[in-house]
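Every number here is computed from the coordinates shown, using simple stated rules; none is lab data. What you are looking at is a predicted structure, and each value in this text was computed from that prediction instead of being measured. Cβ placement follows ideal geometry from the backbone for every residue including glycine, while neighbour counts extend to all protein chains displayed.
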Amino acid sequence: MSETVGDFLLKRLAEWGVRRVYGYPGDGINGIIGALGRATDEIQFVQVRHEEMAAFMACAHAKFTGEIGVCTATSGPGAIHLLNGLYDAKMDHVPVVAIVGQQARAAMGGSYQQEVDLLSLYKDVAHEYVQMASVPAQMRHLLDRAMRIAQAERTVTCIVVPNDVQELPAIEQPKRAHGTVHSGIGYSQPRVIPSDLDLLRAADVLNSGEKVAMLVGAGALHATDEVMMIAELLGAGVAKALLGKAALPDDLPYVTGAIGLLGTKPSYDLMMDCDTLLMVGTSFPYSEFLPKEGQARAVQIDIDGRMLGIRYPTEVNLIGDSAETLRALVPYLKRKQDRSWREGVEKGVREWWQLLEAKAMDEANPINPQRVFWELSPRLPENCILSSDSGSSANWFARDLKIRRGMMASLSGNLATMGPGVPYTMAAKFAFPERVAIALVGDGAMQMNGSGELITIAKYWKQWSDPRLIVLVLHNNDLNQVTWEQRVLAGDPKFQCSQDLPDFHYAQYAESLGLKGILVDTPNAIGRAWDEALAADRPVVIDAITDPDVPPMPPHITFDQARAYASALFKGDPNERGIIRQTFREMVDAILPSKG
Ligand SMILES: Cc1ncc(C[n+]2csc(CCOP(=O)(O)OP(=O)(O)O)c2C)c(N)n1
Ligand SMILES: [Mg+2]
């Protein structure tokens, strides 16, 4: 059989260095799936339960490896299913290429079955590059450009391939003629450093401040040493945006941890009291957690000029790679002699960790979710990879987990979608089968799609050299994060019709799939459950029965929020008694942070 367009597409993908494609078949991509079947030595096809999961996995592959993630789906419904995961990648600025099928060319425009206008549908998510192949001679440059643009722009690109085109004989190299395109392979990241003049302007701002705050995000993940070096010179405290959790280890005394609604009090204090702000690789959105306009002079570093100067009126905007730019700044910076600001930050951080421990050890009914995270921290294996879902788990992930050097951690930062926890973790295992991967997810996210994807884990785990993949389910029978947002932000009591979740036995279900399931329903069993899961010979689901009345509250609440919250209770919240009990415990902790 001669080489088809589908075969050539895969050969070219392999030449680009792609080793894995996440997806789900359908007759819109028969010609590509058939080719995948012939190319198994080069590229592994990972079959998911739902195309959205394939896109989440491609996104997580990109986040954890720095390489392009690739996913594929059939025309119409399959392509539609991919979208949410693709938006996750686009909004968190990681490169993903989607290869989707389409009806045969002759049918298009005929309101044919499964014919969806994919170029229009994908025009937003893949706006940097979405193209359809009409003839075999296009295949080479469409793929080359999709791969290169995804990397150059750190975004999602898409190629649409009608199913009949996939089966045609390949044209690897178009004849040289007017109207043909001749493309090649390869992309290397340029070295991007601001000009000396701009570095000098930035240094001037940073040198003249006395109370320097730093905020680091995903763009600083590869700049740990540089961020530490600058923080040391400037006597700064460093707060972390959610996606930058792994940029700095939490055992550094001046790291104030997460910022924002899911953040910490020392991060809040850092921002409220600083006179100078240095933002590195972050587009953290909430202005109420940043200094007031006029309070601080600010410098921002980002590799993408479009992301500069949009969160705070920064005085100096540096386009550059974070590590390179910080290194280039060093010679211009003067070490701050007065360390009193830094000492104050460190004191706040010490007290905060004590408070968090006290909060985690509070009794709850039956389990305090904070304690589940608190007990995990010292047990985290070296180099493990953590993925959180959206929900209350993201609060405890952000605040309570003490990350160490060498670990990775991610979640859906900007889209903040439910559902990526389990697929991210699986992508982590495919990319790094020798490392432990842990998903931290709510029961709502588990019911939405994690439970389906456990079947995929059951299908593949034996391929991984270290089979340890752990899914922690916070089993609170509630869409807890939103229940609390409704109380605190809107002043509405819990609406059980929308917030209660049906009960489900996650551990038993895991066992039914040949995985290990551990039910944890008393606080004393938490540590043992983590030990057992980390020593297991197969993937584990920890089903932790947690208390929905423990408030996943911001570090401080405003007067309006407190009033809304109180009025929600007076309106007859079904959980009123439990909430008052837990809130009282938390208040006592804040007053007496070092109690037991
Ligand atoms: C796809 C999607 N739907 C809805 C939301 C809104 N939302 C954010 S968190 C959340 C609740 C999650 O519940 P669960 O997974 O049980 O976690 P919990 O907060 O209870 O720990 C909801 C509904 C979202 N972010 N994404
Ligand atoms: Mg829940």
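Overview of values
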| quantity | calculated |
| --- | --- |
| Net charge, residue 429 excluded, C-beta distance under 13 Å - Lys, Arg +1, Asp, Glu -1 | +3 |
| Relative contact order [Cα under 8 Å, 6+ residues apart], the chain, whole percent | 12 percent |
| Ellipticity estimate at 222 nm from DSSP helix runs (n ≥ 4, -39,500 (n - 2.57)) divided over the chain, nearest 500 | -11500 deg cm²/dmol |
| Computed label-point distance, nm, for sites residue 567 and residue 30 using a 7 Å Cα→Cβ extension | 6.1 nm |
| Extension gain (nm, one decimal) between residue 196 and residue 581, 0.36 nm per residue minus Cα-Cα | 132.8 nm |
| Under 16 Å from the residue 185 label point (7 Å along Cα→beta-carbon), backbone N, the stretch 30-52 | 39-44 |
| Isotropic mean projected area of the C-alpha convex hull, the stretch 415-507 (nm²) | 6.7 nm² |
| 18 Å reach of a label modelled at residue 152, 7 Å along Cα-to-Cβ, counting backbone N of the stretch 30-71 | 68-69 |
| Segment residue 175-residue 2, length gained on full extension (0.36 nm per residue, minus Cα span) | 60.4 nm |
| Segments 162-170, 27-35, 104-112 sorted - mean Cβ within 10 Å per residue, highest first | 27-35, 162-170, 104-112 |
| Area projected by the alpha carbon convex hull of the chain, averaged over all directions, nm² | 28.7 nm² |
| 27 Å Cα-Cα reach of residue 494 towards lysines, excluding residues that sit fewer than 8 places from it in its own chain | 265, 359, 571 |
| Relative contact order %, the stretch 173-273, counting alpha carbon pairs below 8 Å whose residues are six or more apart | 20 percent |
| Stretch gain in nm, segment residue 19-residue 537, where the contour uses 0.36 nm per residue and the Cα spacing is subtracted | 183.8 nm |
| The stretch 263-334 - Rg over Rh from alpha carbon coordinates, Kirkwood radius | 0.97 |
| The stretch 57-153: Cα Rg divided by the 2.2 N^0.38 Å rule of thumb | 1.08 |
| In the stretch 297-388, the GluC sites (Glu not before Pro) that fall in loop regions by DSSP, at most 11 other Cβ within 10 Å | 382 |
| Interchain or long-range residues, amide H under 5 Å from residue 46's placed H | 21, 22, 23 |
| Base-10 log of normalised Debye intensity for the stretch 258-381 (one unit scatterer per alpha-carbon) at q = 0.15, 0.19, 0.20, 0.22 Å⁻¹ | -0.89, -1.14, -1.19, -1.28 |
| Sites residue 497 and residue 251 - FRET efficiency at Förster radius 60 Å, r taken between beta-carbons, to 0.05 | 0.85 |
| Formal net charge of residues neighbouring residue 258 (Cβ-Cβ distance under 13 Å; K, R +1; D, E -1) | +3 |
